[in-house]
Amino acid sequence: VLASLLDEHPEWGTSTVGATWPVELATSHRLTLPFADASKIEKTLVFAVEGEVPFDMDDMVLGWGLKSKGQPAEVLCLLARRDQVVDGLEQFTELGLDPRVLFVDGDVLSYYGAPNKTVAVVDIGHSHTVVSLVHNNIVRLFRSIDVAGHAFTSTIQRSLNCSWRQAES
């Protein structure tokens, strides 16, 4: 799909891009640290996370984002398997794209939050549904559910005994 979009928009091929990683291929972990300095967080995060997750950190890619201002600092850590991330990034490279930032899709849904409100943002895709709980424009929790558009359309088709196109309508 991306290749066909690039064919339609050749100017995108020379762009630096940001990409999203599917939440179903990542795990998240929240930490509260007594400092908010990025260089200190970077130095201590692997050690802080390593003792709390059941993964060999050498097999994982660790990303993080500061989710609060001030101290103590609330940090959202994201872990994904290194081999999957490398394979995913190679697909962009093969298309001539240079992704400089990799976000997890469940965290990006914070865009749909609102100040002083808590909302659930539901993104129903083809094979997965992502649910993000957003409070004050910050994602507090996100999960992927293996039921989405394809399953809904299939159920409608079977229940109504109609064509796929009719079920999608």
_Of residues in the stretch 135-161 being basic (Lys, Arg) and within 16 Å of the chain's Cα centre (by Cα), the one modelled with the lowest pLDDT_ = Arg140
*asked:* Could you check the stretch 147-169 and list, in sequence order, the residues that are surrounded by fewer than 12 Cβ atoms within 10 Å (Cβ to Cβ) and in a loop (DSSP other than H, G, I, E, B)?
replied: Asn161, Ser163, Ser169
*Identify the residue in the stretch 10-35 that is open to solvent by 60 Å² or more (accessible area, probe 1.4 Å) and more than 23 Å from the chain's Cα centre (by Cα) and, among all such residues, is modelled with the highest pLDDT.*
Pro34
_For the structure I just gave you, tell me whether Glu74 is out of contact with any Phe, Trp or Tyr (no Cβ under 6 Å at 6 or more places or on another chain), surrounded by 13 or more Cβ atoms within 10 Å (Cβ to Cβ) and touching a residue at least 24 places away in the same chain (Cβ under 8 Å)._
yes
*Of the residues in the stretch 89-146, how many are in contact with a His (Cβ under 8 Å, 6 or more places away or on another chain) and open to solvent by 60 Å² or more (accessible area, probe 1.4 Å)?*
6
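So is Ser68 closer than 17 Å to Asp107 by Cα, part of a loop (DSSP other than H, G, I, E, B) and not aliphatic (A, V, I, L, M) or not? Don't jump to the end; show me each part of the working.
Details: closer than 17 Å to Asp107 by Cα: yes; part of a loop (DSSP other than H, G, I, E, B): yes; not aliphatic (A, V, I, L, M): yes.
Yes: the conditions hold for Ser68.
Within the stretch 71-102, which residues are touching a strand residue (DSSP E or B) at 6+ places or on another chain (Cβ under 6 Å), assigned to a helix (DSSP H, G or I) and either small (Gly, Ala, Ser) or within 16 Å of Gly18 (Cβ to Cβ) (or both)? I'd like the intermediate steps shown before the answer.
Within the stretch 71-102, the first condition is being touching a strand residue (DSSP E or B) at 6+ places or on another chain (Cβ under 6 Å), and the residues that meet it are 72-80, 82, 85, 92, 97-102.
Narrowing the set further to residues that are assigned to a helix (DSSP H, G or I) leaves 82, 85, 92.
Scanning the stretch 71-102 gives Val85, Phe92.
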*In the stretch 54-89, which residues are polar (S, T, N, Q) and touching a Ser or Thr at 6+ places or on another chain (Cβ under 9 Å)?*
Ser68
*Among Ala114, Ala120, Ala48, which is of a type outside the set (Ser, Thr, Tyr), part of a strand (DSSP E or B), free of Cβ contacts under 8 Å to residues at least 60 places away in the same chain and within 27 Å of Val134 (Cβ to Cβ)?*
Ala120
*Quick check: anything in the stretch 36-56 open to solvent by 20 Å² or more (accessible area, probe 1.4 Å), under 20 Å from Pro22 (Cβ atoms) and not hydrophobic (A, V, I, L, M, F, W, C)?*
no
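The values are calculated or read from the model by the stated rules, or taken from the named source; none is laboratory data. This is a predicted model, so every value here is computed, not measured. With ideal geometry, Cβ positions are generated from the backbone for all residues, glycine too; neighbour counts draw on all protein chains shown. The accessibility values were calculated without ligands, DNA or RNA, using every heavy atom of the protein model including side chains. Shrake-Rupley method; radii C 1.70, N 1.55, O 1.52, S 1.80 Å.
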